[in-house]
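Asker: The structure under discussion is supplied below as structure tokens; questions concerning it will follow.
The values are calculated or read from the model by the stated rules, or taken from the named source; none is laboratory data. This is a predicted model, so every value here is computed, not measured. Methodologically, a virtual Cβ is constructed for each residue, glycine included, from the backbone with ideal geometry; neighbour enumeration extends over all protein chains shown. Accessible surface areas use protein heavy atoms only, side chains included; no ligands, DNA or RNA. Shrake-Rupley method; radii C 1.70, N 1.55, O 1.52, S 1.80 Å.
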Amino acid sequence: MPVTAPTATRPMPTVPAASGAAGRTAIVTVDDDPGVSRAVARDLRRRYGEQHRIVRAESGEAALDALRELKLRGDLVAVILADYRMPEMNGIEFLERAMDVYPGARRALLTAYADTGAAIDAINVVDLDYYLLKPWDPAEEKLYPVVDALLETWLSSDHKPVPETKVVGHRWSARSSEVREFLARNQVPYRWFPSDEPEGQRLLEAAGADGLKLPVVITPDGETLIEPSDPELASRVGLATTPSAGFYDLVVIGGGPAGLGAAVYGASEGLRTVLVERTATGGQAGQSSRIENYLGFPDGVSGDQLTGRARRQAAKFGAEVLTTRDVVGLEINGSARTVRFSDGTAIDAHTVVLATGVAYRKLDAPGLADLTGRGVYYGSALTGATGCTGQDVYVVGGANSAGQAAVYLAKAARSVTILVRGPSLEKSMSYYLIQQIEGKAIINVRTCTEVAGASGDDHLEQLTLRDTSTGATQTVDAQWLYMFIGAAPLTDWLDGAVMRDERGFVLAGPDLVHDGHMPGGWPLDRPPYHLETSVPGVFAAGDVRAESAKRVASAVGEGAMAVMLVHRYLEKL
Ligand SMILES: Cc1cc2nc3c(=O)[nH]c(=O)nc-3n(C[C@H](O)[C@H](O)[C@H](O)COP(=O)(O)OP(=O)(O)OC[C@H]3O[C@@H](n4cnc5c(N)ncnc54)[C@H](O)[C@@H]3O)c2cc1C
């Protein structure tokens with residue numbers, strides 16, 4: 001594709017010729033001050049010039065021209081760095097328009113200290129990833145770490161040019177939603193093709209599938225899987241599912257923040273570590289659209305980015321990460337702890353960290369069970385969000401998870417209604433989220449309201465809502481319902497193995513000792529260590545532990561602390 005000739009009088013962007021550089025992804029920078037613009041481009045070129053094409057412009061319009069030109073050439077843009085204070089079109093306005101051309105490019109704003117308020121607002125308006133304060137030197141400390149993180153995020157998104165998995169399915173098929181969710185949560189890049197659209201039909205035909213059984217998954221090397229199970233899918237898209245050894249120093253059960261924390265610290269400190277996860281690493285945190293209270297991320301971080309990095313970190317240190325393996329038993333065989341899987345196989349270890357978290361409760365109202373996965377979803381907002389474009393969405397729950405989901409879904413939906421049983425959000429939701437919700441006109445909050453029923457043929461069409469104070473009911477049109485309604489630990493499989501409280505949470509450390517008495521059957525002279533359960537060498541970390549804080553940071557911290565106690569236990573073994 002030829003490069004278009006400059007046509008306008010405004011300063012033209014510097015788009016390097018495609019020859020030789022073709023195929024390299026671009027980093028685009030815009031600043032109206034020519035000196036600053038050149039300096040940013042120079043610094044970017046110094047570090048990224050070999051791998052990336054650096055494109056600079058001196059106005060928002062010129063930068064948009066450059067983006068359109070890159071688009072026409074079929075080039076990829078990974079990062080866009082915009083100055084905030086520019087005449088005619090400020091940085092936020094520019095980024096908003098740039099998103100129309102390259103929605104997947106990561107976005108950062110360059111601001112003066114006085115403009116940080118605007119930059120913070122931009123986090124919501126244009127889903128800004130970072131803002132950088134001027135001056136950005138030394139670039140090694142201020143600019144490069146930010147651009148490195150943006151590139152890493154972009155690379156791990158489904159915009160990167162890698163061979164991809166294709167999923168052909170129906171948007172109202174429950175299994176199609178589950179497969180998409182599974183791939184997304186395991187950070188497997190995929191593209192979605194609705195089976196009732198021409199490209200989806202072409203793929204089905206090419207795969208020789210009749211489309212009666214959906215989804216059909218086509219792996220990057222062209223293998224066709226019809227309605228695959230999670231383990232089948234995992235093994236075909238390159239996720240490890242079987243342990244490489246029979247004995248480990250540490251088995252971590254559960255791949256949420258607590259389990260990932262334990263795996264990172266365990267493996268980095270030389271323990272032979274395996275992490276076993278029943279579905280996808282990330283746990284509840286992986287379903288969070290933006291975690292704003294995790295230390296070190298002043299602009300928030302999406303849960304899948306945070307946990308995706310943690311998973312890579314665990315693997316880098318040598319931890320084995322197994323997915324789609326459900327642990328159903330824990331046995332004590334002398335000093336070995338045996339962890340049994342649902343297929344009957346088992347692995348042994350010196351120590352175990354239980355990090356199985358909690359799972360959302362299901363709502364028991366007529367019609368909901370039938371429509372789950374077909375318009376009704378529990379605790380997931382990320383994968384379905386694009387399907388909500390221009391439609392009416394309901395979110396049930398009064399805690400932060402519901403608030404985050406509502407803010408996220410509001411980007412695409414026509415309206416978002418939060419249904420809360422109580423009289424207000426104040427008691428259960430953080431102030432910052434309430435403010436965000438109040439700032440979005442399309443989000444409504446209905447207090448004293450619960451879901452009394454749902455109906456629809458192929459998918460959700462109507463909800464019956466009940467006023468909890470009067471009992472009056474009302475039927476409303478609704479295509480999407482997301483529920484975030486309290487969670488319970490799934491620890492029945494630990495019955496008889498470790499002590500739990502009346503709600504099923506695992507007791508550990510001081511919670512096991514009453515009036516100086518050790519828990520029944522405790523075989524040692526010392527009391528249990530802080531996170532140790534009623535079985536020596538078996539520890540509990542994160543949300544599954546009784547009295548835990550139910551926060552990402554505390555789960556990660558407990559995972560790390562459990563490893564410190566594992567070492568103490570192993571020293572005395
Ligand atoms: C939508 C949402 C938004 C949130 N936002 C925030 C926030 O902004 N800030 C914050 O601090 N906290 C937030 N939280 C809470 C936070 O995510 C949790 O406190 C945290 O994830 C707990 O981590 P965990 O590792 O203990 O458990 P989990 O995250 O629950 O992970 C447990 C993992 O164990 C696996 N597992 C369970 N049983 C088994 C088994 N038998 N075999 C194998 N694997 C098993 C599960 O599949 C799961 O992946 C949010 C939660 C949700 C749902």
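Asker: Tell me the residue from 471, 456 that is on the phi > 0 side of the Ramachandran plot and free of Cβ contacts under 8 Å to residues at least 40 places away in the same chain, please.
Answerer: So the residue among 471, 456 that is on the phi > 0 side of the Ramachandran plot and free of Cβ contacts under 8 Å to residues at least 40 places away in the same chain is 471.
Asker: Only one of (1) touching a residue at least 12 places away in the same chain (Cβ under 8 Å); (2) within 13 Å of the ligand (Cβ to nearest atom); (3) open to solvent by 10 Å² or more (accessible area, probe 1.4 Å) fails for residue 281. Which number is that?
Answerer: Unmet for residue 281, out of (1) touching a residue at least 12 places away in the same chain (Cβ under 8 Å); (2) within 13 Å of the ligand (Cβ to nearest atom); (3) open to solvent by 10 Å² or more (accessible area, probe 1.4 Å): (3).
Asker: Looking at (1) modelled with pLDDT of 95 or more; (2) out of contact with any strand residue (DSSP E or B) (no Cβ under 8 Å at 6 or more places or on another chain); (3) polar (S, T, N, Q), which is the only condition residue 313 fails?
Answerer: All conditions are met except number (1).
Asker: Mind checking which pairs have a first residue in the range 497-509 that is modelled with pLDDT of 95 or more and a second that is of a type in the set (D, E, K, R) and part of a loop (DSSP other than H, G, I, E, B), Cβ under 8 Å, 6 or more apart or different chains?
Answerer: Pairs that qualify, where the first residue is modelled with pLDDT of 95 or more and the partner is of a type in the set (D, E, K, R) and part of a loop (DSSP other than H, G, I, E, B), are 505/547; 507/501.
Asker: Would you pick out the residues in the range 520-566 that are open to solvent by 10 Å² or more (accessible area, probe 1.4 Å), closer than 18 Å to residue 269 by Cα and in contact with a Gly (Cβ under 9 Å, 6 or more places away or on another chain)?
Answerer: Across the range 520-566, the qualifying residues are 556, 557, 558, 560, 561.
Asker: Scan (1) part of a helix (DSSP H, G or I); (2) within 30 Å of residue 435 (Cβ to Cβ); (3) more than 15 Å from the ligand (Cβ to nearest atom); (4) not charged (D, E, K, R) for the single condition residue 394 breaks and write down its number.
Answerer: The single condition residue 394 does not satisfy is (1).
Asker: Name, by its number, the condition in (1) polar (S, T, N, Q); (2) open to solvent by less than 30 Å² (accessible area, probe 1.4 Å); (3) under 24 Å from the mean Cα position of the chain (by Cα) that does not hold for residue 195.
Answerer: (3)
Asker: Go through the range 242-266 and give me each residue that's assigned to a loop (DSSP other than H, G, I, E, B), in contact with a helix residue (DSSP H, G or I) (Cβ under 9 Å, 6 or more places away or on another chain) and buried (at least 16 other Cβ atoms within 10 Å of the Cβ).
Answerer: Passing the criteria: 254, 255, 256.
Asker: Taking the range 284-305 as the search range and keeping residues that are aliphatic (A, V, I, L, M) and within 6 Å of the ligand (Cβ to nearest atom), which one is farthest from residue 544 (Cα to Cα)?
Answerer: Checking each candidate, the answer is 291.
A quick yes/no check of all residues on (1) under 30 Å from residue 373 (Cβ atoms); (2) within 16 Å of the ligand (Cβ to nearest atom); (3) part of a loop (DSSP other than H, G, I, E, B):
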{"position": "498", "(1), (2), (3)": "no, yes, yes"}
{"position": "502", "(1), (2), (3)": "no, no, yes"}
{"position": "519", "(1), (2), (3)": "no, no, yes"}
{"position": "525", "(1), (2), (3)": "no, no, yes"}
{"position": "528", "(1), (2), (3)": "no, no, yes"}
{"position": "536", "(1), (2), (3)": "no, no, yes"}
{"position": "555", "(1), (2), (3)": "yes, yes, no"}
{"position": "560", "(1), (2), (3)": "no, yes, no"}
{"position": "566", "(1), (2), (3)": "no, no, no"}
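Asker: Would you check if residue 212 is surrounded by 16 or more Cβ atoms within 10 Å (Cβ to Cβ) and either among the aliphatic types (A, V, I, L, M) or in contact with a Lys or Arg (Cβ under 6 Å, 6 or more places away or on another chain) (or both)?
Answerer: So residue 212 does not fit the description; no.
Asker: What number of residues in the range 306-361 are within 15 Å of the ligand (Cβ to nearest atom), open to solvent by 20 Å² or more (accessible area, probe 1.4 Å), hydroxyl-bearing (Ser, Thr, Tyr) and not in a strand (DSSP E or B)?
Answerer: So the count comes out to 3.
Asker: A further question follows. Would you check if there is a residue in the range 401-423 being basic (Lys, Arg), without any contact (Cβ under 8 Å) to a residue 40 or more places away in the chain, surrounded by fewer than 20 Cβ atoms within 10 Å (Cβ to Cβ) and over 30 Å from residue 193 (Cα atoms)?
Answerer: no
Asker: Also, I was wondering about something else. When the residues of the range 267-278 are filtered to those that are over 21 Å from residue 301 (Cβ atoms), touching a residue at least 12 places away in the same chain (Cβ under 8 Å) and part of a loop (DSSP other than H, G, I, E, B), which remaining residue is nearest to the ligand (Cβ to nearest atom)?
Answerer: The residue in question is 278.
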